[in-house]
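To start, the structure under review is shown below, and the notes come after it.
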Amino acid sequence: MRCFVAIGVREEVRQKLLSVQQRLSPLLNWKPVEFENLHLTLKFLGEVEDARSEEILSVLRSSCSRFSRFEISVRGIGAFPSPSHVRVLWAGISEGAEKVISLSKTIDSELAKLGFPKERDFVPHVTIGRVKFVPRRKELMEMMESLKGEEFGRSGVESVELMKSVLTPKGPLYTVVGQAPLGA
């Protein structure tokens with residue numbers, strides 16, 4: 001199964017991100033992330049044998065128990081690899097970003113012991129869409145600039161989820177395999 005480790009975001013945040021997707025759509029040829037699939041990825045694991053899910057969840061639970069619950073603030077729009085060469089549009093994490101990075105590094109380090117490759121240059125974000133082509137680049141750059149400081153809401157981080165992704169012609173279907181709660 002194709003898996004990743006993620007933090008979910010509140011419905012109110014996803015509603016605001018959906019609104020931004022609708023505002024961006026006329027400027028792009030892209031595939032927006034479906035409302036129910038908006039999340040913050042901590043680590044992509046790739047293809048994993050079903051039998052390994054409990055081993056992975058055990059590592060996630062051990063890692064997450066070291067962290068207290070916290071809140072994140074989803075704010076601003078950015079692009080990978082850069083604003084001038086847009087392939088992925090995302091909403092950033094402002095408040096709580098350091099804690100997300102620390103949590104990600106801990107999980108990354110512990111999962112490396114199971115043979116998963118280490119991440120490089122992790123940037124906490126919520127992917128809002130994958131871009132194929134930007135026919136209205138100047139307008140997109142202006143809109144991204146205007147959205148740089150926009151607040152999309154806060155979301156509590158109480159657990160981390162091991163997710164399964166099944167690719168379908170209509171887009172990926174995500175299912176929670178298991179959860180790893182953060183400490184009190």
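Taken together, the values in this text are just the output of simple stated rules run on the coordinates, not laboratory data. Bear in mind the structure is a predicted one, so any value in this text is a computation, not a measurement. Every residue, glycine as well, gets a Cβ built from its backbone with ideal geometry; the counts of neighbours run over all protein chains shown.
Could you grab the relative contact order for the chain? Cα pairs under 8 Å, six or more apart, rounded to a whole percent. Present the calculation step by step, with values, prior to reporting the outcome.
Working: 360 pairs, mean separation 67.3, N = 184.
Reported as a whole number, the value is 37 percent.
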In region 62-136, which trypsin sites (Lys or Arg not before Pro) fall in coil by DSSP and have 10 or fewer other Cβ atoms within 10 Å? LYS113, ARG120
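Do any chymotrypsin sites (Phe, Trp or Tyr not before Pro) in region 35-93 lie in a DSSP loop with no more than 12 other beta carbon atoms within 10 Å, and if so, which?
Values: sites: PHE35, PHE44, PHE67, PHE70, TRP90; in loops: PHE67.
Filter output for region 35-93: empty list.
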Pseudo-spin-label distance ALA184 to GLU119, built 7 Å along Cα→Cβ, given in nm, is 2.8
Given the convex hull of the Cα atoms of the chain, what is a quarter of its surface area in nm²? 10.1
Note to self, the chain gives a 222 nm [θ] from helices alone (DSSP H runs n ≥ 4, -39500 (n - 2.57) apiece, / all residues, nearest 500) of -9000 deg cm²/dmol
Paramagnetic reach from SER94 in region 63-84 [backbone N under 11 Å; point 7 Å along Cα→Cβ]: 73-77
At 0.36 nm per residue, minus the direct Cα-Cα distance, what do GLN22 and LYS132 gain on full extension? Give it in nm, one decimal, please. 38.0 nm
Run the reach check for LYS16 against lysines, Cα to Cα strictly under 20 Å, same-chain hits fewer than 8 apart removed. What comes back? LYS31, LYS148
